[in-house]
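Student: Have a look at the structure that comes next, please.
The values are calculated or read from the model by the stated rules, or taken from the named source; none is laboratory data. Please read these numbers as outputs of a predicted model, since none were measured by experiment. Using ideal geometry, Cβ is built from the backbone for each residue, glycine included, and neighbour counts are taken over all protein chains shown. Just so you know, the surface numbers come from the protein's heavy atoms only, side chains and all, with ligands and any DNA or RNA stripped out. Shrake-Rupley method; radii C 1.70, N 1.55, O 1.52, S 1.80 Å.
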Amino acid sequence: MKTLIADKFPDSGRTELLQAGFEIVYDPDLKEDALAAAIKSSGADILVVRGTKVTGEMLEGGRLSLVVRAGAGYNTIDVKTASSRGIYVTNCPGKNSIAVAELAFGLMLSMDRRIHRNVGDLRQGRWNKKEYSQARGIFGRTLGLIGVGRIGQEMISRAKAFGMPVVAWSRSLTPERAEKLGIEMKQSPLEVASVSDVVSIHVALNNDTKNLIDEKFFTAMKPGSYFINTSRAEVIDQPALARAVKERGLRAGLDVFAGEPTGGVGTVEDDIFKLDGVIGTHHIGASTGQAQQAIAEETVRIIREYKETGRAPNVVNLAKKSPATHLLVVRHFDRVGVLASVFDPLKEAGINVEETENIVFDGATAAIARIHLDSAPSEVVLEAIKSNSHDIIELSLLKL
């Protein structure tokens, strides 16, 4: 299989893929039209990207069967088009969790102690110990988490080390899980906002989370409290955040923001960073050597397993529930042409096979085929299947 790597990727990962027999095309600077052309001209089966945008046109222009997002989020990939063309989209969840949590705490401490301003004044030859001795401190302050996935859980353990009680909201959070994590569960994001001294956002971007953190959320936050976003810019209403900073004294630490440059180098014209109380970093949450090595290892694992089994781990675009309404179970002798004798009558009846698996018993004498169908075959169709092959032992139809 030929693999096109269109973002920076560690030498160790590329070496592992070469040793596993993959042909590698490595060009970390490919973007937009150049990437589309490379996908088409290279004939690559697999595409590996980090933050590079992968459009539907790119997916339609080549022979890709797998796209690996070497990171957690995958909102830069046209998943809908990939699904329509039967292209697996996978990611590497959890491999950058520690790195992101570390940065979130770095932003928290910098907001509280105004480290960035301390450094700036010292570089300008200014000494102002009186001003910078007025930090609030974070011990005993309540940390509010929106999202309790892998990154959120890393935040919890670090908050405990800093002596911070934690409250949290997540769609998947239950009272039992909250008790196990040693945190207090809240029923809504607004409840988290109203009781927290520091709020940190750790949710994936999807239709449910876009603009999840809105004007009402920022209004519910305590005046002067801290807000951290290391997830995705689209999760928050940034103009509402800017108003809260100006009108309610909120401080914000942002690793992601609206209008963020797509390349590694560029210019930033976002006015939010001109506000007192707002600090930012260059979307570097996952960018530690440790995180990148872990992501590279997971990327290699995904690609190798795909080559060896035809199945890819961590696929994000498989149907959670197929349209199948009935399950046809065929117990049969494991011989040539048996399944063809089953599928032909289904095709003639206009019945679509949504999923199928054939389980072979020890000795390879008999097998069971489990065939998920989008409608129920009639008795006539079932009789046609039975009469098509003497190797069918038993046929049964179950409603799903």
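Student: What's the number of the only condition in (1) touching an Asp or Glu at 6+ places or on another chain (Cβ under 6 Å); (2) modelled with pLDDT of 95 or more; (3) over 30 Å from ARG232 (Cα atoms) that ILE371 fails to meet?
Tutor: With (1) touching an Asp or Glu at 6+ places or on another chain (Cβ under 6 Å); (2) modelled with pLDDT of 95 or more; (3) over 30 Å from ARG232 (Cα atoms) applied to ILE371, the lone miss is (1).
Student: Right, next: Under 6 Å between Cβ atoms, which residue pairs at least 6 apart in sequence (or on different chains) link something in the stretch 202-217 that is at pLDDT 95 or above with a partner that is among the basic types (Lys, Arg) and open to solvent by 30 Å² or more (accessible area, probe 1.4 Å)?
Tutor: That search, which allows pairs on different chains as well, returns nothing.
Student: Among the numbered criteria (1) without any contact (Cβ under 8 Å) to a residue 40 or more places away in the chain; (2) within 18 Å of the chain's Cα centre (by Cα); (3) open to solvent by 20 Å² or more (accessible area, probe 1.4 Å), which one does ARG150 miss?
Tutor: (1)
Student: Now for a separate question. Going through the stretch 357-393 one residue at a time, which ones are among the basic types (Lys, Arg) and closer than 15 Å to PRO345 by Cα?
Tutor: Once the filter is applied, which keeps residues that are among the basic types (Lys, Arg) and closer than 15 Å to PRO345 by Cα, the stretch 357-393 yields only LYS386.
Student: Being within 30 Å of GLU394 (Cα to Cα) and at pLDDT 90 or above narrows it down to one residue among THR325, THR281, THR299; which is it?
Tutor: None of the others qualify; the one that does is THR325.
Student: Take ARG85 and decide whether it is open to solvent by 80 Å² or more (accessible area, probe 1.4 Å), in contact (Cβ under 8 Å) with a residue 40 or more places away in the chain, under 30 Å from ARG311 (Cβ atoms) and within 22 Å of the chain's Cα centre (by Cα).
Tutor: Answer is no for this residue.
Student: Quick one: THR76 ticks every box in (1) in contact with a Ser or Thr (Cβ under 8 Å, 6 or more places away or on another chain); (2) crowded, with 19+ Cβ neighbours inside 10 Å except a single one, so which number is it?
Tutor: (2)
Student: Against the definition (modelled with pLDDT under 95, surrounded by 14 or more Cβ atoms within 10 Å (Cβ to Cβ) and small (Gly, Ala, Ser)), how does GLY144 come out, yes or no?
Tutor: no
Student: So which residues in the stretch 167-187 are in contact with a strand residue (DSSP E or B) (Cβ under 7 Å, 6 or more places away or on another chain) and closer than 12 Å to ILE146 by Cβ?
Tutor: Residues satisfying the conditions are VAL167, ALA168, TRP169, LEU173, LYS186.
Student: For residues that are charged (D, E, K, R) and in a helix (DSSP H, G or I), scanning just the stretch 191-215, find the one that is farthest from ILE138 (Cα to Cα).
Tutor: GLU215
Student: Return the total of residues in the stretch 311-337 being over 29 Å from SER65 (Cα atoms) and of a type in the set (Val, Ile, Thr).
Tutor: 2
Student: Here is a further query. Report, by residue number, each residue of the stretch 1-34 that is among the charged types (D, E, K, R), without any contact (Cβ under 8 Å) to a residue 60 or more places away in the chain, touching a strand residue (DSSP E or B) at 6+ places or on another chain (Cβ under 8 Å) and assigned to a loop (DSSP other than H, G, I, E, B).
Tutor: ASP27
Student: Next up: Looking at the stretch 268-282, I want the residues that are more than 17 Å from LEU107 (Cα to Cα) and have a partner that is open to solvent by 30 Å² or more (accessible area, probe 1.4 Å) and not basic (Lys, Arg) with Cβ atoms under 6 Å, at least 6 apart or on another chain. Which pairs are those?
Tutor: Taking only residues 6 or more apart or on different chains, the pairs are ASP270/GLY259.
Student: On the given criteria, is VAL67 β-branched (Val, Ile, Thr) and open to solvent by less than 10 Å² (accessible area, probe 1.4 Å)?
Tutor: Here the answer is yes, as VAL67 does meet what is asked.
Student: To continue, here is another question. For the stretch 345-400, which residues satisfy the criterion of being part of a helix (DSSP H, G or I) and either open to solvent by 80 Å² or more (accessible area, probe 1.4 Å) or basic (Lys, Arg) (or both)?
Tutor: Matches in the stretch 345-400: LYS347, GLU348, GLU379, VAL380, GLU383, LYS386, SER387, ASN388.
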